[in-house]
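Some notes on the structure that comes next.
The values are calculated or read from the model by the stated rules, or taken from the named source; none is laboratory data. This one's a predicted model, so the numbers in the text were calculated from it and none came from an experiment. In this analysis, Cβ positions are derived from the backbone assuming ideal geometry, glycine residues included, and neighbour counts consider all displayed protein chains. Protein only, heavy atoms only, side chains kept; ligands, DNA and RNA dropped before computing areas. Shrake-Rupley method; radii C 1.70, N 1.55, O 1.52, S 1.80 Å.
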Amino acid sequence: MNNLPDLVDLRVFVETARRANFTRAAEALDASAAYVTKRIQVLEQNLGVKLFHRSTRKVVVTEEGERIYQWAQQILDAVDGMVAEVSVGRAEPRGALRICSSFGFGRNIVAPAISQLSARYPQLKIRFEVFDRLVDITNEGFDLDVRVGDEIAPHLIARRLAPNHRVLCAAPGYLARRGTPRTLGELASHDCLIIKERDHPFGVWRLRDGTREEVIKVTGPLSSNNGEVVVQWAVGGRGIALRSMWDIAPLLESGKLVRVLPEFTQEANVWAVYPSKLGNSAKLRVCVDWLQESLQALIAQRQS
């Protein structure tokens, strides 16, 4: 058991591997280059492997070092997470967070909020991924899914981050050419721009007029798994789209798009979905609180 690696040595190794330079790693660790060299040597002796190919200008991680790096990062993330969980009163949350969202919403709305979160809490290490499918956050190892839409599996925990709804819209040129539908039934004779995004059912629109909900099946020559593409097509006069207000409000304001059947909307609020209670994770609680405040402001700004 005497050859177990020290956590300090693992941190020195990870920092050196990231910077590919002993001197820069020493500066980041507020230590001397000799100290870094010594700790790397001790770690290599304990593990019985060579971690770096060394030259006068830089160091390159060996094949064995790459494997050790992955393990070391996981170990350090787990330790940081443990410290964050037990230190409820910690002013600065720290550790790794894996967050996911959908393509367009993730890029345009969630990513700026996460950037601000990272700047505010630099001890957090955030990995953000976007998908065009529904993510199984428990089995795929995500801490948080930021999603649009109110259909959430009962075994998950969720908090509403911001209100949102979808509306029908089209370009004035399309409506001048094909006519403006006056009832939902008339949509069947129109070119509808269909999106298959994450868990949204393909070609099925659920729309509400007050307390009455109607479900309609729509078709059209164009479909995509990306909402930004569908908006481009709508602006280009290719059909009628169902899109969130955060996405098209500026286009409605400019007149590039107009509302169709404005009495009908679809609830599509923004939710934080996570597999465990916020009370079990200080860093996750801070993240969700931040996103709730930031996303409400960002969405309100885009809709104004």
Options Leu242, Leu298, Leu284, Leu252; residue that is assigned to a helix (DSSP H, G or I) and within 21 Å of Phe103 (Cβ to Cβ): Leu298
Answer yes if at least one residue in region 50-57 is within 19 Å of Asn3 (Cα to Cα) and either open to solvent by 40 Å² or more (accessible area, probe 1.4 Å) or modelled with pLDDT under 90 (or both), and no otherwise. yes
Open to solvent by 30 Å² or more (accessible area, probe 1.4 Å), in contact (Cβ under 8 Å) with a residue 12 or more places away in the chain, more than 17 Å from Leu76 (Cα to Cα) and touching a Pro at 6+ places or on another chain (Cβ under 8 Å) - does that describe any residue in region 3-21? no
Can you name the number of the only condition in (1) under 17 Å from Ser294 (Cα atoms); (2) modelled with pLDDT of 90 or more; (3) surrounded by 13 or more Cβ atoms within 10 Å (Cβ to Cβ) that Val130 fails? (1)
Taking region 26-78 and the residues there that are in contact (Cβ under 8 Å) with a residue 12 or more places away in the chain and among the acidic types (Asp, Glu), the one that is farthest from Val12 (Cα to Cα) would be Glu64
When residues of region 188-220 are limited to those that are closer than 14 Å to Leu261 by Cα and in a loop (DSSP other than H, G, I, E, B), the one modelled with the highest pLDDT: His190
Counting only residues that are in a helix (DSSP H, G or I), touching a residue at least 24 places away in the same chain (Cβ under 8 Å) and open to solvent by 60 Å² or more (accessible area, probe 1.4 Å), how many does region 174-184 have? 1
Please go through region 135-173 and give me each residue that is open to solvent by 30 Å² or more (accessible area, probe 1.4 Å), hydrophobic (A, V, I, L, M, F, W, C) and under 12 Å from the mean Cα position of the chain (by Cα), ordered by number. none
Take the residues in region 255-291 that are within 21 Å of Leu134 (Cα to Cα) and open to solvent by 40 Å² or more (accessible area, probe 1.4 Å); name whichever of them is modelled with the lowest pLDDT. Lys277
